[in-house]
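> Below you will find the structure I want to go over with you.
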Amino acid sequence: MPETVLGVYRPAELRQGRGDAGKIFPADRRVREPWRVPAGASGGAEDGEIVRAELLPGPGRGARRARVTARLGRFDGAESLARLAISSLGIPETFPAEALEEAASAGAIGPAGREDLRALPLVTIDGADARDFDDAVFAEPAGAGFRIIVAIADVAHYVRPGSALDRAARERGNSVYFPGRVVPMLPPALSEQWCSLQPGVDRGVVFAEIEIDADGEKRRHRFGRGLMRSAARLTYEALQRAAEGSENHGGEEHGLPAGTIANLYAAWQALSAARRARRPLELELPERRIVLDTTGKIAAIATTPRLDSHRLIEDFMILANVAAAEEILQGALPGLFRAHAEPATEKIASLAGFLRPFGVRLPLRGRLAPGDLTASLASLAGTEAAGIAAERTLQSLPQAGYSPTNIGHFGLALAAYAHFTSPIRRYADLVVHRALIGGLGLGPEEHDRGPEGHDRGSGNEMAPALEALARDLGTAERRAVEAERAVLARAQAGLLAGQVGSIAEARISGVTRSLLFVTLIATGAEGIVPVSTLPADSWRFEEASTSLWAARSGSRLAIGQRLRVRLAEADPISGRIVMRVLALPPTETRPAETRAAKTGPTRRGGRNRLR
C-alpha cells in the first residue's frame, strides 16, 4: 500500500503552466510540513477541501509529493471535523446493503411471550440532543426499601448472531458521537426507531426488576422480557428542575402519575447511601462539549455541569449492570465482564510522590481501596490543584476493558460488573443480553446462541471466542475515544485560530524533556510549549519532581504552575496549539520532598472511561 496523507488542500498560483498545483496540510499533528501536489495530480480538488492522497515516487529531499486520490468534502464546521476523524481512524461509516435490508424489514414487537409493563410509568432520561433512548427507569416503595425496574431496548430480538446486522455491529463495536451527529453501531431504522424507547409507543425490552433495602443494598433481582410504553421522555435538566422544586416534583407536568419522579429520587437517595458506603473512586473531572450555532458552525466549548439527575441515572444503571454480572457468574454464561484491575504498586508510589508537594498523603501500607484515593484528594477540593491531581490519578490507573473472566471493577469498588444497559450503542451489552436470554430461557431457541453464532455453551467453553471479541471491542472503544478527543482538539484550535498573538493565563498540565503541556485556564484548550522556546538557560528535566529546572536562573517549571503565555499557533486542521511562555515564575528553592519520589514523565491525557 502506498503511503497516504489525509489533510486539507490549498491550491497554488500557477505561473505559465509551471509549478505545483497546491499543497496538502496534514491532519496528523505530528507531520509539520505540507505535502506538495504537482500539476495534474490534484484530482480536481478545490480550495479548502479535505482530501486523501498517496505519496508519489521521487527524490527524498524537500517536501513530499502526493497525488489526490479522494475528495471528502469541505473543511468547514463541525461536520468536517467529524469527517476528518472518521477518515483518519478508519471508523466504519457505511452499512452493507444486506444489513440495511435487515433493519428495514424490522417491525413492532408484540406482547406474545412477554411480560406486559405498559401500565408502569417507565420514563427515559437522556441529554437534550439524544436521538436513541435505550433505557427506561421506574421506582416505587416496597416495604422499607424500593422496587426498581430498569428496562433496556431488546436489541437481541432484531440483531441475530451471524446476521449481516450482527457482523456490521461487531465491526463497529460501538457508536461514535460527534457534535451534531453520530456514527451509529446499528442502522437508524433500529437505533432511532424500533430499538428506541420513544414515548407513547410499544417497545420490546429486556428488564431487570430489583429490590433494594432502605440502605440501598440489593436484596434480590430477576430478569425478564417485556413490552413497555414510555410514559415520558425527560431530559437531565428537566429532572433536575423537578428535584429542585422549580417544577412539580411528582412529574404531573410531564403527564406522569403523582409521585413518579419523587419515587425515583427517593430510591436514588438509598442507592447513593450504598455508593458512599462502598467507597468507589470519585473523580470530578470537567467534561467539555462543543456547542454549535444554528448553521452547524462551532460557537463555543462549554463545560457540562454534573447534576444529581446524571448521578441518579448512573446509579440505576450500575445497579442493573451489577445484577447482570452476577447472573453471568452464577450461571457460567458466555458473557463479558467490564473489568478494571487494581493499580500497580509502582504506579501508586509514583502518584504518591506526585501528590506529596500538594500536601496530599496516600496510604501506602496494605491494600489501597478506591475510596482511599477519593478521601486523599478531598483536601484539594475547590483549589486549582484539584483538576491536575484528579487527572494524574486517572493516568495512574489501568484502563477499564472487557473480559470473559471476572476480576472485579476497582474504580467502582464492585466485585463483579458487566455492561447491560446500552445495547443500541455497545456490542458488549448485546453480548450480555444474549447470554441472559439464553441462560435464563427468556427467548426461543434461536436466541440460545453465543456471540459468535455458535451453539450455546458455557462461558468457559466459549472463552477463546470471547477473549478475541473482548480485544476487538477494546480496540473499537479506544478508537472512539480518540476520535472524540481529536474533534475536541480541532474545535479548540479553530476557536483560537483568530487569536494568535493574544496573551492568556495557563496552567502546566504535563512535563517531558522536550515539551510542556499547558491548559488555558479560561477555555480549557490544551497546547504545548516546546522547551526549545523557553528563555535561554540550561534546562534540565528532573524525573523525581517531574519538572524542568533552569540551571543558571534556578527557575522551576512543574505541573500545576500558572504561567502567562502567548498563543503562537492554532491549527484547526491538525488540532495543534503552540504557545510561548512570556515570563518565568520566581526562582524557587528545590523542595526536599520532591527529590524523594520517582514519578517519571507525564503528560495530560484524555479522560479514561472507567465505567
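Laboratory data are not the source of any read-out in this text; all were calculated from the coordinates shown. Keep in mind that this is a model prediction, so the values were computed, not measured. Glycine gets a Cβ as well: all are built from the backbone with ideal geometry, and neighbour counts include every protein chain shown.
> What shape does the range 63-197 take by its C-alpha gyration tensor, where a ≥ b ≥ c are the square roots of the eigenvalues and a/c under 1.5 counts as rounded, a/b above b/c as prolate, and the rest as oblate?
prolate
> Which of the peptides 73-80, 90-97 is most tightly packed, and how do the rest follow, going by the mean number of other Cβ atoms within 10 Å of each residue?
Order by mean packing, descending: 73-80, 90-97.
> For the range 47-58, what does the Karplus curve 6.51 cos²θ - 1.76 cosθ + 1.60, with θ = phi - 60°, yield as ³J(HN,Hα) per residue in whole Hz, taken in order and with x for Gly and Pro?
Calculated HN-Hα couplings, in order: 4, x, 8, 6, 9, 10, 9, 10, 5, 9, x, x Hz.
> Per 0.36 nm of contour for each residue apart, how much would the distance between residue 171 and residue 273 grow if the chain were fully extended, relative to their Cα-Cα spacing?
32.7 nm
> What is the fewest-to-most order of 429, 47 by other Cβ atoms lying within 10 Å of their Cβ?
Going from least to most buried by this count: 47, 429.
> Right, another one. First obtain the Kirkwood hydrodynamic radius of the range 492-595 from its Cα pairs, then insert it into the Stokes-Einstein equation at 4 °C and 1.567 mPa s, and state the resulting D in µm² per second as a whole number.
The estimated diffusion coefficient comes to 93 µm²/s.
> Taking the Cα centre as origin and putting +1 on Lys and Arg beta-carbons and -1 on Asp and Glu beta-carbons, what dipole magnitude results for the range 492-595, to the nearest 20 debye?
200
> Would you mind getting me the FRET efficiency between residue 364 and residue 399? Use the beta-carbon distance for r and R0 = 25 Å, nearest 0.05.
Here the calculated transfer efficiency is 0.60.
> Still on this structure: Considering the Cα trace of the range 309-390, what is its radius of gyration and what is Dmax, both in angstroms?
So, for the range 309-390, Rg and Dmax equal 17.1, 49 Å respectively.
> Still on this structure: Farthest toward the dipole's positive end in the chain, which of 90, 184, 558, given Cβ charges of +1 (Lys, Arg) and -1 (Asp, Glu) about the Cα centre?
Looking along the dipole axis, the top candidate is 558.
> Continuing with the same structure: Simple spin-label model, 7 Å along Cα-to-Cβ: residue 513 to residue 553 in nm?
The answer from the label model is 2.3 nm.
> Give me Rg over Rh for the range 4-75, both radii from the alpha carbons and Rh done the Kirkwood way, two decimal places.
0.94
> Still on this model: Using a 10 Å cut-off on Cβ atoms, rank the peptides 363-370, 264-271 from the highest mean neighbour count down.
264-271, 363-370
> For the chain, give the magnitude of the charge dipole about the Cα centre (Cβ charges: +1 Lys/Arg, -1 Asp/Glu; no others), in debye to the nearest 20.
2860
> Which percent, nearest 5, of DSSP beta bridges in the range 4-75 are antiparallel?
95
> Once the piece of chain linking residue 112 and residue 4 is laid out straight, how much longer is it, given 0.36 nm per residue of separation minus the C-alpha distance between them?
33.4 nm
> Separate question: Where does the Debye-calculated log10 I(q)/I(0) of the range 131-204 sit at q = 0.21, 0.23, 0.24 Å⁻¹, using only Cα point scatterers of equal weight, no solvent?
-0.95, -1.07, -1.12
> On to the next question. Find which of 302, 371, 348 sits farthest along the positive direction of the dipole of the range 253-406, computed with +1 on the beta-carbon of Lys and Arg, -1 on that of Asp and Glu, about the Cα centre.
Value computed over the given set: 348.
> Once label points are set 7 Å from the Cα along Cα→Cβ at both residue 544 and residue 74, what is their separation, rounded to one decimal in nm?
Each label point lies 7 Å from its Cα, and together they span 5.8 nm.
> When only Cα pairs under 8 Å and 6 or more residues apart are kept, what is the percent relative contact order across the chain?
In percent, rounded to a whole number, it is 12.
> Hey, another quick one. Express as a percent, rounded to the nearest 5, the fraction of DSSP beta bridges in the chain (both residues included) that run antiparallel.
Looking only at bridges with both residues in the chain, the antiparallel portion is about 90 percent.
> Could you please state, rounded to a whole Å, how far the C-alpha centre of the range 289-362 is from the C-alpha centre of the range 135-209?
For the range 289-362 versus the range 135-209, the Cα centre distance is 21 Å.
> Still on this structure: May I ask you to order 186-197, 113-124 by the average number of other C-beta atoms within 10 Å around their residues, highest value first?
For the peptides 186-197, 113-124, the packing ranking is 186-197, 113-124.
> Here is a further query. From the convex hull of the Cα coordinates of the chain, what is the mean projected area in square nanometres?
Its average projected convex-hull area is 31.4 nm².
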